[in-house]
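Okay, so here's the structure we're looking at.
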Amino acid sequence: MICLDSDFVIDFFKGKEAAVARMEKIKEDALAVTAVTAFEVLYGFFRRNEHQKARVALAFFSSFRIIDTNLEAAHHAARIAGELAQKGQMINEFDSLIAGSMLADGCKFIVTSNVKDFGKIKELSVYN
């Protein structure tokens, strides 16, 4: 299973060539998004009062497996964030929650343009 990150989904919606090409390559794979990713993307549209785009995004997300955030996910996320903080390598809390949710669900592959943060998480394989 491959999980799509918010940055990738946003780039795909913007029609960025690299994201569209990557989606074409992986569209037959088992794809998933975390509930946190859905929140980040939908929040951006609602913040800009782009309700139609939010509806399109919701339909887009409904075609994938949704990975929920639960206690096990929170545990993984907190461990990741804590270990990275100890090394002085802080990452965004939402990214920690996305990674924690993925690991709790057994997903180890993420497509993202945020290699800087997700690349710090040793348990994940990052596709840019």
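Worth pointing out:
- Region 1-19, residues that are loosely packed, with under 13 Cβ neighbours inside 10 Å and either under 16 Å from the mean Cα position of the chain (by Cα) or assigned to a helix (DSSP H, G or I) (or both): E17, A18
- Each residue in region 61-77 was checked for being within 14 Å of the chain's Cα centre (by Cα) and assigned to a helix (DSSP H, G or I), and 3 pass.
- Qualifying residue in region 68-79 (condition: among the hydroxyl-bearing types (S, T, Y) and surrounded by 18 or more Cβ atoms within 10 Å (Cβ to Cβ)): yes
- Looking only at residues in region 36-57 that are of a type in the set (A, V, I, L, M, F, W, C) and out of contact with any helix residue (DSSP H, G or I) (no Cβ under 7 Å at 6 or more places or on another chain), the one that is surrounded by the fewest Cβ atoms within 10 Å (Cβ to Cβ) is V56.
- The set of residues from region 64-74 being within 20 Å of D11 (Cα to Cα) and out of contact with any Leu (no Cβ under 8 Å at 6 or more places or on another chain) comprises just one member, I66.
- Filter result for K120 (in a helix (DSSP H, G or I), among the basic types (K, R) and surrounded by fewer than 20 Cβ atoms within 10 Å (Cβ to Cβ)): no
- Just one of the listed residues (A73, A85, A104, A78) is free of Cβ contacts under 8 Å to residues at least 40 places away in the same chain and either in contact with a Gly (Cβ under 6 Å, 6 or more places away or on another chain) or of a type in the set (K, R) (or both), and it is A73.
- Exactly one residue among I91, I98, I110 is under 16 Å from the mean Cα position of the chain (by Cα), part of a strand (DSSP E or B), buried (at least 17 other Cβ atoms within 10 Å of the Cβ) and of a type outside the set (F, W, Y), and that residue is I110.
- Condition met for F46 (farther than 20 Å from I91 by Cα and of a type in the set (A, V, I, L, M, F, W, C)): yes
- Among the residues of region 20-35, those that are farther than 14 Å from R65 by Cβ and assigned to a helix (DSSP H, G or I) comprise V20, A21, R22, M23, E24, K25.
- Number of residues in region 70-111 that are of a type in the set (S, T, N, Q), at pLDDT 95 or above and closer than 22 Å to V41 by Cα equals 3.
The values are calculated or read from the model by the stated rules, or taken from the named source; none is laboratory data. On a predicted model such as this, the values are computed, not experimentally measured, just so you know. Note that we place each Cβ from the backbone using ideal geometry, even for glycine, and neighbour counts take in every protein chain shown.
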